[in-house]
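Reviewing the structure listed below.
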Amino acid sequence: MTRQSDRNPTARLPLSRDRILQAALELVDDAGIESLTMRKLGQVLGFEAMSLYNHVANKDDVLDGIVDLVLAETEPPAPGGDWETAVKTSAVSVHEVLRDHSWAAKLLMSPERIRPARLRYMDSLLGRLRKAGFSADTTYHAYHVLDGYIFGFSLWETSHTYTAEQVTQFVATFGRDITPDTYPYLHEHGQQHLNEGPHHDVSAFEFGLDLILDGLTRAL
């Protein structure tokens, strides 16, 4: 009888919690969060699913673990220096991580996935705003605007990720239905998507973030 370990050379490596979580992270990055099952994870690692339970409690434990791995890639606001630079650098790092792990934003916003690293980030952002001189009331709103923008933009961006086939279909639909006579400004906007130009050199996320930070600076 052929064992899983005979079919998968990597199965000769011993199991560990770190190895299981890293494999789970790679799995969901490649195939989406829906692909994660203990059976599938065991297949990827070359072990029966029951062997995984020696290192992780259950699927929820795995989900918590990969959320922690994602959060470890983010950068909280630096405690020193200019507050605006610190907040922007942190926001950009969180956005980049959420873009790289497109499944993570929804999971991080789930009430049952509020992890200690997420709480530390929240506290550090609130503290950075308060120490910059914002009142508690202004900080209350500023925090929600910043966090909502980071997560909202990231969710919007991942929902606008298309395959080459979908892009081809979009171009055909655009040329047929979005004419300059019927939708002049939408047609102009669509042409900007399809054509090269200096607008592609600007990060839309950072453009919007700068507008928020400029408004907060004026409020301060």
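Convert each backbone phi in the stretch 155-166 into a coupling constant with the Karplus relation 6.51 cos²θ - 1.76 cosθ + 1.60 (shift: θ = phi - 60°), then list the ³J(HN,Hα) values in order as whole Hz, x for Gly and Pro.
Coupling constants for the stretch 155-166: 5, 4, 5, 5, 6, 10, 9, 10, 7, 4, 5, 5 Hz.
From the square roots a ≥ b ≥ c of the eigenvalues of the alpha-carbon gyration tensor of the stretch 122-185, which class results: rounded (a/c under 1.5), prolate (a/b over b/c), or oblate?
In terms of gyration-tensor shape, prolate.
First check a/c for the stretch 75-118, with a ≥ b ≥ c the square roots of the eigenvalues of its C-alpha gyration tensor; if it is under 1.5, answer rounded, and if not, answer prolate when a/b is larger than b/c or oblate otherwise.
Judged from the Cα gyration tensor, the stretch 75-118 comes out oblate (a/c at least 1.5, b/c at or above a/b).
What accessible area per residue, rounded to a whole number of Å², is obtained for the chain using a probe radius of 1.4 Å?
That works out to 61 Å² for each residue.
Name the shape class, rounded, prolate or oblate, that the alpha-carbon gyration tensor gives for the stretch 13-92, where a ≥ b ≥ c are the square roots of its eigenvalues, rounded holds for a/c under 1.5, and otherwise prolate holds if a/b is larger than b/c and oblate otherwise.
Because a/c hits 1.5 or more and a/b exceeds b/c, the stretch 13-92 counts as prolate.
So if I place +1 on the C-beta of Lys and Arg and -1 on the C-beta of Asp and Glu, and nothing else carries charge, what would the dipole magnitude of the chain be about its Cα centre? I want it in debye, nearest 20.
The dipole magnitude comes to about 900 debye.
Any idea what % of Cα-Cα pairs in the stretch 47-144 are farther than 18 Å?
Cα-Cα pairs in the stretch 47-144 separated by more than 18 Å: 54 percent.
Say a paramagnetic label sat at a point 7 Å from the Cα of Ala219, along Cα to Cβ; which residues of the stretch 104-137 have their backbone N under 16 Å from it?
Residues passing the 16 Å test: 125-137.
Which ³J(HN,Hα) values in Hz, rounded to whole numbers, follow from the phi angles of the stretch 211-220 under the Karplus curve 6.51 cos²θ - 1.76 cosθ + 1.60, where θ = phi - 60° and Gly and Pro get x?
Coupling constants for the stretch 211-220: 4, 5, 5, 4, x, 5, 4, 5, 5, 5 Hz.
Given R₀ = 35 Å, what would the calculated FRET efficiency be for Glu112 paired with Ala172, taking r from the Cβ atoms and rounding to 0.05?
That gives a FRET efficiency of 0.25.
Please build a GNM for the chain, connecting alpha carbons under 10 Å apart, and tell me which residue among Val87, Val97, Val171 fluctuates the most.
The residue that fluctuates most here is Val171.
Carbon and sulfur: what percent of the stretch 61-220's accessible surface (1.4 Å probe)?
Here carbon and sulfur together make up 57 percent of the probe-accessible area.
Principal axis extents for the stretch 145-220, Cα atoms only, whole Å, descending order, please.
49, 26, 22
The values are calculated or read from the model by the stated rules, or taken from the named source; none is laboratory data. If you're wondering where the values come from, they're calculated on a predicted model, not measured in any experiment. Virtual Cβ from ideal backbone geometry, glycine too; neighbours counted across all protein chains shown. Surface accessibility is based on the protein's heavy atoms, side chains included, excluding ligands, DNA and RNA. Shrake-Rupley method; radii C 1.70, N 1.55, O 1.52, S 1.80 Å.
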